[in-house]
Amino acid sequence: MRRVTVLCGGVGAARFLAGLVQATDPAGITAIVNVADDTELHGLMISPDLDTVTYTLAGAIDPTRGWGLVDETWQAMEQLRHYGRHHDIDPSADVGNDAAGWFALGDRDLGTHLYRTSRRLAGATLSDVTTEIAGAWAVDVRLLPVTDDPIRTMLTTVDGRRLGFQEYFVREHHDVEIAGVAIEGSESARPAPGVLESIDEADVIVIAPSNPVVSIAPVLAVPGLRETVRRARERTVAISPIVGGRALKGPADRLLRELGHESSVTGVADWYRDLASTLVIDTIDAHDVPAIEQSGLRTIVVPTVMSEPGVARALAQRCIEAAVAP
Ligand code: FO1
């Protein structure tokens, strides 16, 4: 059985994994998932990237939003917002605004957060609970949070405010200029059980087409991760989340520019050169192949916009071939 380990953020990684399970035996796949987007709201422990990957592999994701469950209802949120409006709670205030309901939790999705929170309060690790939730959805890919310790992506705006990832992404609609990103707690975080081994033992390591700055960087910030991937460079393939200079979803292009990098496949090549031996880019960026190869990365040119499952499957197949028989 082929062993494939994937470094994952949310939506882009989840769509890639949905193709990967069609290209190789799911029992050989390990997804190492970012948890620096995790947040606590209303006393609940919420792990958006883990849930996005789980729901996608379970075939239960809302296909339009790319997060949350399909056919969801929102009665709990409506009630919460009713209280918030009644008491005039300002959704844009920095403190005490959870009751404004700016982060939308569907009724069924709430069950996941209630389960995770009660199991964690009873002493289970995030890894334990992740396995339990995936099992209940009959997901046969092994899902590992990168760490069981709390790490949080914190963004500093040019006007000096510090925002948690979900405040930046959802509350502020990632429409603020960012001066810096830090992964709080990463220095003392330990890789979750099985994480380093799954990289060491993999035939292929894939860096999913997730945001390099706020999805993949937090995974690599956990001590031991970067060194272990670097040692496996010959077996590692990165997929560019930038297509034609732009991010398909979210603020990756804007963040790269704001932090002084190029928002292009050559910018992504700079970002991953020490970790991956191959970069997968979309056909629209084929003209950049000579520049990327000159900088020491092999290149694969293939459709990467995963608007349908066939594209994700073909993309996954090419990644496996690239690492197994470069
Ligand atoms: N993304 C939004 O844009 N708005 C939301 O209200 C929102 C709620 C939400 C609830 C649960 C969950 O698992 C994910 C949710 N997301 C929401 C997505 C989340 O912000 C992800 O971290 C981003 O999509 C980045 O991967």
query = Roughly speaking, what is the centre-to-centre gap between segment 18-34 and segment 180-231 when only Cα atoms are used, to the nearest Å?
reply = 17
GNM top mover of P63, P26, P191 - the chain, alpha-carbon springs below 10 Å = P63
query = For the chain, what is the calculated [θ] at 222 nm in deg cm²/dmol (nearest 500), taking -39500 (n - 2.57) for each run of four or more DSSP H residues and dividing by its residue count?
reply = -10500 deg cm²/dmol
key: Placed amide H near G10: partners under 5 Å, 5+ positions off or other chain   = N211
message = So with the 1.4 Å probe, I'd like the accessible area per residue for the chain, rounded to whole Å².
response = 42
ask   = Which loop-located trypsin sites (Lys or Arg not before Pro) does segment 199-303 contain, where loop means any DSSP state but H, G, I, E or B and the Cβ has at most 16 other Cβ atoms within 10 Å?
value = K249, R273
message = On a 1.4 Å probe surface of the protein chains, which of R120, R313 comes out largest in accessible area, and what is the full order?
response = R313, R120
note = The answer for the net charge of residues other than P251 whose Cβ lies under 15 angstrom from its Cβ, with Lys and Arg +1 and Asp and Glu -1, is -2
Of V158, V222, V206, the one that fluctuates the most in a GNM where the chain has Cα springs shorter than 10 Å = V158
request  = Give the Kirkwood hydrodynamic radius (Å, one decimal) of the chain, defined as one over the mean of 1/r across all pairs of different Cα atoms.
outcome  = 20.0
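The values are calculated or read from the model by the stated rules, or taken from the named source; none is laboratory data. Note that the structure is a prediction, hence the values are computed from the model and not measured. Cβ sites come from the backbone with ideal geometry, for glycine too, and all protein chains shown count toward neighbours. Keep in mind that these areas ignore ligands, DNA and RNA; they rest on the heavy atoms of the full protein, side chains included. Shrake-Rupley method; radii C 1.70, N 1.55, O 1.52, S 1.80 Å.
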